[in-house]
Amino acid sequence: MTDPARIVRVVDIETSGLPEDEQHAICEIGWVDLDLSTMSIGNPVTFLVNPGHPIPPHIRAVHHISDQDVADAMRPDQALTQLMKGMGPDDVFAAHKADFEQNFIGGGGRRWICTWKVSLRAWPEFVSHSNQALRYELQVDAEPGFDPAAAQPVHRALPDATVTAHILRKQLALRPLERLVEITKEPGFLYWIGGQKHKGKTFKQVAVEDPGYLHWIVDKSDMSADDKFTAKWHLQRRAA
């Protein structure tokens, strides 16, 4: 049985490529800590990381980190050592779309929270569940102690981690930490259905109007695990 967590370390990374690319490594990391006893957000840390290979131009266009910027930076393994400092064995990591971060950060067996997956459950009707969309939907900028300057520029590690931490604090006001961890272990539960055929409709609507399409998603499509999980859930509920 795990002991109560003291902190959630909310982390964001910028990388030199996607996990499926031949070369991919961290080129920037940033985090803040959410203290679970006070719900305060603090201890901001960020630094550049040398991925050990050139950053492709199309990737650099996202975060604008250059090879020159990271030339004298620490290695990814050294960065991860720094990330683990100050964390107890029962403390928790969080990230927005945490599956991505987990491809680069092992976490030492610690639990994870994906604020994207949790947001799909907490606020399913939102048009977008991106970090910045949630920031404005939830009026994070009006939160006491939130510094909009600390959230800039977007697509950099510490600003994005800062926004994610404030989103997480709102999520923890709705559900206990353990439930957020459980949600993270499942695929994302989607509200809006993808593809052109039923664009603008919800999975719930399509389950009534065209359940065969949901069967196609589950059995024959190459759609995401999130789509298949959601379609299967609605089909099972309809059959109950």
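The values are calculated or read from the model by the stated rules, or taken from the named source; none is laboratory data. Everything numeric in this text was worked out from a predicted model, so none of it was measured. Glycine gets a Cβ as well: all are built from the backbone with ideal geometry, and neighbour counts include every protein chain shown.
Observations on the structure shown:
- Residue in segment 69-77 that is touching a helix residue (DSSP H, G or I) at 6+ places or on another chain (Cβ under 9 Å), more than 30 Å from Arg179 (Cβ to Cβ) and modelled with pLDDT of 95 or more present: yes
- With respect to the conditions (1) closer than 30 Å to Gly212 by Cα; (2) of a type in the set (S, T, N, Q); (3) out of contact with any Leu (no Cβ under 9 Å at 6 or more places or on another chain), Gln152 falls short on a single one, namely (1).
- Total residues in segment 82-114, condition assigned to a loop (DSSP other than H, G, I, E, B), in contact (Cβ under 8 Å) with a residue 40 or more places away in the chain and closer than 19 Å to His129 by Cβ: 1
- Selection status of Ala150, within 21 Å of Glu28 (Cα to Cα) and surrounded by fewer than 20 Cβ atoms within 10 Å (Cβ to Cβ): yes
- Which numbered condition Asn103 misses (of (1) closer than 26 Å to Ser40 by Cβ; (2) surrounded by fewer than 17 Cβ atoms within 10 Å (Cβ to Cβ); (3) of a type outside the set (Asp, Glu)): (1)
- Residue within segment 183-197 that is touching a Leu at 6+ places or on another chain (Cβ under 6 Å), surrounded by 15 or more Cβ atoms within 10 Å (Cβ to Cβ) and either at pLDDT below 95 or not aromatic (Phe, Trp, Tyr) (or both) present: yes
- Segment 41-73: number of residues that are touching a residue at least 12 places away in the same chain (Cβ under 8 Å) and at negative phi: 23
- Listing of helices (runs of 4 or more DSSP H) fully contained in segment 126-240 that carry 2 or more residues being over 24 Å from the mean Cα position of the chain (by Cα), among the charged types (D, E, K, R) and over 23 Å from Asp12 (Cβ atoms): 203-209, 225-239
- The residue of segment 67-100 that is farthest from His166 (Cα to Cα), among those that are among the small types (Gly, Ala, Ser) and surrounded by 13 or more Cβ atoms within 10 Å (Cβ to Cβ), is Ala73.
- Scanning segment 25-43 for residues that are closer than 16 Å to Arg169 by Cα and either in contact with a Pro (Cβ under 8 Å, 6 or more places away or on another chain) or surrounded by fewer than 16 Cβ atoms within 10 Å (Cβ to Cβ) (or both) turns up Trp31, Val32, Asp35, Leu36, Ser37, Thr38, Met39, Ser40, Gly42, Asn43.
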